[in-house]
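Enquirer: Right, I'll just put the structure down here and ask away after.
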Amino acid sequence: AEMLERIVAVVNEEVILLSEFRREVQSSKAQGLEAADAEVLDEMIKRRLLLVQAKKMRIAGDAEPDKSFAADDMIINDYIERRVKAFIHIPLKDMEDYYNDNAGSYGNEKFYEVKGEIEAKLLETKLKDKLQEHIRDLRKDSYVRVQLE
């Protein structure tokens, strides 16, 4: 007998089904990403946690409830912009320090010519760190149960 459907994870009051999980694993492989099953499931859990928080903040794409991944991605990205990225500030001193530490990679370009590029790079790095911290906090305040085996 073959198992057709079962729950592989519970995130608060939502479930992640085996079929959803398998679809996500296939999608990762189709994109050429080599991720372990546990990593794929962890990303699915993170998405659910962020999506629930975004919906609590009343961030929604259209008036019509759209259940597509693209719509969910837009909602999650908007939430990250408002809840995480908006509170990140990169001081000028940090940008100058980065420029001085990596002056060789900028050749003859002056600091103010590459300031925007440096700021974007430092912002991206800080955003990843803050987002991981935010997800850890969300996980602490949530019920997450994994039943992958």
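Enquirer: From the residues in region 92-101 that are open to solvent by 50 Å² or more (accessible area, probe 1.4 Å) and touching a helix residue (DSSP H, G or I) at 6+ places or on another chain (Cβ under 9 Å), which one is nearest to His134 (Cα to Cα)? Walk me through how you get there before you give the answer.
Expert: Taking region 92-101 and keeping what is open to solvent by 50 Å² or more (accessible area, probe 1.4 Å), we get 92-94, 96-98, 100-101.
Within this subset, residues satisfying the condition of being touching a helix residue (DSSP H, G or I) at 6+ places or on another chain (Cβ under 9 Å) are 92, 94, 96, 98, 100.
Working: Leu92: 25, Asp94: 23, Glu96: 28, Tyr98: 25, Asn100: 31 Å.
Among those residues, the one meeting the criterion is Asp94.
Enquirer: What number of residues within region 5-44 are touching a residue at least 12 places away in the same chain (Cβ under 8 Å), farther than 22 Å from Ile135 by Cβ and out of contact with any strand residue (DSSP E or B) (no Cβ under 9 Å at 6 or more places or on another chain)?
Expert: Here the count works out to 1.
Enquirer: Here's a follow-up. Please state which of the following conditions Tyr112 fails to meet, knowing it meets all the rest: (1) over 30 Å from Asp141 (Cβ atoms); (2) among the aromatic types (Phe, Trp, Tyr); (3) surrounded by 12 or more Cβ atoms within 10 Å (Cβ to Cβ).
Expert: (3)
Enquirer: Phe69 fails exactly one of the following numbered conditions: (1) open to solvent by less than 100 Å² (accessible area, probe 1.4 Å); (2) of a type in the set (Phe, Trp, Tyr); (3) closer than 30 Å to Gln147 by Cα. What is the number of that condition?
Expert: (1)
Enquirer: What is the number of the single condition among (1) under 12 Å from the mean Cα position of the chain (by Cα); (2) open to solvent by 60 Å² or more (accessible area, probe 1.4 Å); (3) at pLDDT below 95 that Ile76 does not meet?
Expert: Result: Ile76 passes all but (2).
The values are calculated or read from the model by the stated rules, or taken from the named source; none is laboratory data. Treat the numbers as computed from the prediction; the structure is a model and nothing was measured. In this analysis, Cβ positions are derived from the backbone assuming ideal geometry, glycine residues included, and neighbour counts consider all displayed protein chains. To get the accessible areas, we keep the full protein, side chains included, count just its heavy atoms, and leave off ligands, DNA and RNA. Shrake-Rupley method; radii C 1.70, N 1.55, O 1.52, S 1.80 Å.
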